[in-house]
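Worksheet for the structure shown next.
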Amino acid sequence: MEQTEAKTASSLLPGDVVTGTVEQIMPYGAFVRLSDGQRAMIHISQLSHRFIKKVEDVLQLNQEVKAKVTKIDERGRIDLSMKVLEEPMPAPRPSRSSSAQFGDGDDFEKKLSSFLKVSEEKISTMMSKNAKNGRPPRRKGARP
C-alpha cells in the first residue's frame, strides 16, 4: 500500500494546484483528502496572508479547498499552501492626517522641519493655556 501511495505521490509535483476536502483539523493545521485519494496537510501558517489564530476560523470539516503543492518529502508526505494562491495583502499606508500634518515630501529635512513647527505650535499653545490659568510652567524634574 505504501509503495502505491509513494508512486501516486510522485505524479504530483511542487507547484501543482490541487483540490481536496478537509477531513481533519488540528491546532497546527488541517489534513486534506485530495481528489486522487492522497492525504496532504496545510500548516496554519499557509492558510492565509492574514494572522490566523485558529484553523477553524478559516476551514471547516468537509470543506472543499484549492491549494498549491509546496513540498513532497522523501516519505511521500505532501505539504500544501492556500496562501500562495491568494493575492498578497497590500502594505499599510500612512494615514492622511499624519502625511498632511508633516508634509508629503520624501525629503527628511522637510518632514523634520514640519514636525518641529507643529511641535513648537503645540508647546506655545500649552504654555499660553497655563499662563491664562495662572500656573507657572512646569520644569523638567520638578515635583508637582
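The values are calculated or read from the model by the stated rules, or taken from the named source; none is laboratory data. Just so it is clear, the model here is predicted, and its values are computed rather than measured. Accessible surface is based on the protein model in full, side chains and every heavy atom, while ligands, DNA and RNA are left aside. Shrake-Rupley method; radii C 1.70, N 1.55, O 1.52, S 1.80 Å.
Structure notes:
- Of all the criteria given as (1) under 18 Å from the mean Cα position of the chain (by Cα); (2) at pLDDT 95 or above, the one not satisfied by LEU85 is (2).
- Residues that are under 10 Å from LEU80 (Cα atoms), part of a loop (DSSP other than H, G, I, E, B) and open to solvent by 40 Å² or more (accessible area, probe 1.4 Å) within region 16-58 comprise just one, ASP16.
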